[in-house]
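Contents: one structure, followed by commentary.
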Amino acid sequence: YAFASYFLTGESRVFKDGAFDRLKPKADFSLSKGGIGAWEIAARFSRLDLNDHDIRGGRETNSTLALNWYLNPNMRAGLNWVHLFVDNIGKSDESADAVGGRLHVDW
């Protein structure tokens, strides 16, 4: 598993008490004040091996590209594209692509 991200608007993540803390944009999104929030691009790669001795479960690899928009410290919108590849060990290999979006709101 590997993950990397970059904030296009200059923010950085805060690490507090062993976890990432809430992100605070430099300027919250606001139509009246002209704030654009925080924009982040991210990439993730992971691999899962389900083979063990006599069990042949195959291997799965996925790559994800993401665009996240932090409107304010309590709201984030995200768009992910995931490319998945499965090596079924002796069976046909398969791949798939998925696009997903989410809106995260917390208090």
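Tabulated results
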item	result
Criterion violated by LEU50 - all others in (1) surrounded by 12 or more Cβ atoms within 10 Å (Cβ to Cβ); (2) touching a Leu at 6+ places or on another chain (Cβ under 9 Å); (3) among the aliphatic types (A, V, I, L, M) satisfied	(2)
Residues (in contact (Cβ under 8 Å) with a residue 24 or more places away in the chain and among the polar types (S, T, N, Q)) located in segment 55-81	THR61, ASN68, ASN72, ASN74
Total residues in segment 75-107, condition over 16 Å from the mean Cα position of the chain (by Cα) and either open to solvent by less than 60 Å² (accessible area, probe 1.4 Å) or farther than 30 Å from GLY35 by Cα (or both)	13
Total residues in segment 17-47, condition over 10 Å from ASN72 (Cβ atoms), in contact with a Leu (Cβ under 9 Å, 6 or more places away or on another chain) and among the charged types (D, E, K, R)	2
Segment 53-74 - residue that is open to solvent by 60 Å² or more (accessible area, probe 1.4 Å) and aliphatic (A, V, I, L, M) and, of those, farthest from LEU23 (Cα to Cα)	ILE55
Those residues of segment 3-39 which are assigned to a loop (DSSP other than H, G, I, E, B), among the charged types (D, E, K, R) and surrounded by fewer than 11 Cβ atoms within 10 Å (Cβ to Cβ), in sequence order	ASP17, LYS33
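The values are calculated or read from the model by the stated rules, or taken from the named source; none is laboratory data. All values reported here derive from a predicted model rather than from experimental measurement. Note that we place each Cβ from the backbone using ideal geometry, even for glycine, and neighbour counts take in every protein chain shown. Accessible surface is based on the protein model in full, side chains and every heavy atom, while ligands, DNA and RNA are left aside. Shrake-Rupley method; radii C 1.70, N 1.55, O 1.52, S 1.80 Å.
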